Amino acid sequence: MAFNKSKNVEAAQKLLNQGKVAQAIAEYQQILKYEPRDQVTLMTIGELYIRQGETFQAIDYFERLAQIFVGDGFLTKASPFTNGSPSWRPRKSGRSKSLPTSMFSKA
């Protein structure tokens with residue numbers, strides 16, 4: 001079966017309309033198997049995990065998105081995901097992930 005991104009997006013939207021967020025996330029993750037740098041899909045999955053209260057899962061997708069921005073030379077787009085303490089980042093101690101500062105140094 002050939003990959004058809006629009007069918008995956010339609011299926012995910014239908015699931016969201018039915019309140020099936022976890023299944024919609026799975027549908028969006030199928031897109032990432034074929035297009036791992038799809039910025040809209042990464043952002044969407046991160047936002048859906050936030051909606052589910054799964055902040056640490058969301059952080060993984062936001063950091064992947066930030067790494068793409070940095071790799072493509074868009075530091076200002078990456079900064080909301082890497083600077084300070086955004087409102088979506090959990091405040092309790094525990095798992096702490098951050099992007100390496102070497103990503104931001106000019107060579």
Give all pairs with beta carbons closer than 7 Å in which a residue from region 64-77 that is closer than 23 Å to residue 29 by Cβ and of a type in the set (Val, Ile, Thr) meets a residue that is assigned to a helix (DSSP H, G or I) and modelled with pLDDT of 90 or more; count only pairs at least 6 apart in sequence or on separate chains.
68/39
Scanning region 38-62 residue by residue, those closer than 18 Å to residue 6 by Cβ and not aliphatic (A, V, I, L, M) turn out to be 38, 39, 41, 44
Quick one: would you say residue 10 is of a type in the set (Asp, Glu), in a helix (DSSP H, G or I) and closer than 21 Å to residue 65 by Cα?
no
Name the residues in region 13-34 that are part of a helix (DSSP H, G or I) and among the polar types (S, T, N, Q), would you?
13, 17, 23, 29, 30
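The values are calculated or read from the model by the stated rules, or taken from the named source; none is laboratory data. Here the structure is a predicted model, which is why all the values come from computation and not from measurement. With ideal geometry, Cβ positions are generated from the backbone for all residues, glycine too; neighbour counts draw on all protein chains shown.
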